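Q: Shown below is the structure under consideration.
The values are calculated or read from the model by the stated rules, or taken from the named source; none is laboratory data. From a predicted model like this one, the values you see are computed outputs, not experimental measurements. Neighbour counts are summed over all protein chains in view; Cβ atoms, including those assigned to glycine, are modelled from backbone coordinates with ideal geometry. For accessibility, only protein heavy atoms count, side chains too; no ligands or nucleic acids. Shrake-Rupley method; radii C 1.70, N 1.55, O 1.52, S 1.80 Å.
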Amino acid sequence: MTTINVKEFQDISKNASYILGLDEVGWGALAGPCVVCGIRAPKNWNLSGLNDSKKMSPLQREAVKNKIINEVNSGIITCFIAEKSNIEMDSLGPGPTLNSLYVESINSLYKNNDLIVLDGTLSLKDKNINNYNIVNIIKADQHVATVKAASIVAKVYRDSFMKSIAYKYPNFNFDSNFGYYSDSHISAIEKHGLTDLHRRSYKIKKLSHLYT
């Protein structure tokens, strides 16, 4: 897989019919699932309000997500969401989990002559996918429309799940930290122990006694 810049992407994409952009959410969290979303759209597709999901407010993300879903329902673009639970992540391992989610999403959406765009420098291990037209772009979630859309859909999807389940874990504030590392989250683990939503493979050094 080749890492290219935005100018190179603009040149390469001229030869593609569709752009398949993918992004993940939750891989670095201590609790909850990992989610990968893929968005496949015509190469010149765009949508007002698209941005890197991390730079948007929850209300902005929700509004743009609804626009994206309308585009899906209208048949203009296609979308696929793959996820693995914390239990599955512990079983597979963080790296293989991420790889499997990307491979699943690509296999579900890819068609001949698509250009696949991955955010960052992720290298996938799959002999079939490695034969596809696939590139990496640093900060693709800031520059490529389909990757922006994928990042928004994935984050809204995962955040909604964490909010919906937070009531079962009242001491952990999963509706605000979404399972990610924070001082208050670590303090809650230290005081109350690990929940069945936490990843045992993501060990916190000072709390190593909890993982035995």
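Q: What does a probe at Ile204 reach in segment 166-193, counting residues whose amide N is under 16 Å from the point 7 Å along Cα→Cβ?
A: 169-193, by backbone N distance to the label point.
Q: How big is the gap, in Å, between the Cα center of segment 58-137 and the Cα center of segment 169-183?
A: After rounding, the separation between the Cα centres reads 25 Å.
Q: Could I ask something else about it? Could you provide, to the nearest whole Å², the per residue accessible area of segment 42-137 with probe 1.4 Å? Please report the intermediate quantities before stating the final value.
A: Values: 5050 Å² over 96 residues.
Normalised by residue count, the accessible surface of segment 42-137 is 53 Å².
Q: Sum -39500 (n - 2.57) across every DSSP H segment of at least 4 residues in the chain, then divide by the residue count to get the 222 nm mean residue ellipticity, nearest 500.
A: Taken over the chain, the calculation gives -12000 deg cm²/dmol.
Q: Name the aspartates and glutamates eligible as straight-distance cross-link partners of Lys55: C-alpha to C-alpha under 16 Å, and not fewer than 8 places from it in the same chain.
A: Once the sequence-local aspartates and glutamates are set aside, what remains near Lys55 is Asp23, Glu24, Asp119, Asp141, Asp159.
Q: So for the chain, what are the equivalent ellipsoid semi-axes in whole Å, largest first, each being the square root of 5 times an eigenvalue of the Cα gyration tensor? Working shown, then result.
A: On the way: eigenvalues 208, 75, 38 Å².
The three semi-axes for the chain are 32, 19, 14 Å.
Q: While we're on this one: Roll a 1.4 angstrom probe over the protein heavy atoms and tell me the percent of accessible area of the chain that is carbon or sulfur. Walk me through the numbers on the way to the answer.
A: Details: 5160 of 10450 Å².
After summing per-atom areas, the C and S share lands at 49 percent.
Q: Something else: What residue among Leu122, Leu50, Ser176 has its Cα farthest toward the positive end of the dipole of the chain, where the charges are +1 on Lys, Arg and -1 on Asp, Glu, each on the Cβ?
A: Ser176
Q: About the Cα centre, and with charges only on the beta carbon of Lys, Arg (+1) and Asp, Glu (-1), how big is the dipole of segment 18-121? Nearest 20 debye, please.
A: 360 debye
Q: Between beta-carbons, use under 9 Å as the cut-off and find the net charge around Ala29, counting Lys and Arg +1, Asp and Glu -1.
A: Its environment carries a net charge of +2.
Q: Let me ask something else. What does DSSP give for the chain in terms of the percent of beta bridges that are antiparallel, rounded to the nearest 5?
A: On the way: 16 of 28 bridges.
Given both bridge residues lie in the chain, the antiparallel proportion sits at roughly 55 percent.
Q: Could you size up the charge dipole of the chain around its Cα centre, putting +1 on the beta carbon of Lys and Arg and -1 on that of Asp and Glu, and report it in debye to the nearest 20?
A: The dipole of the chain has a size of about 160 debye.
Q: Okay, next question. Taking K and R as +1 and D and E as -1, what net charge do the other residues with C-beta under 9 Å from the C-beta of Arg61 add up to?
A: 0
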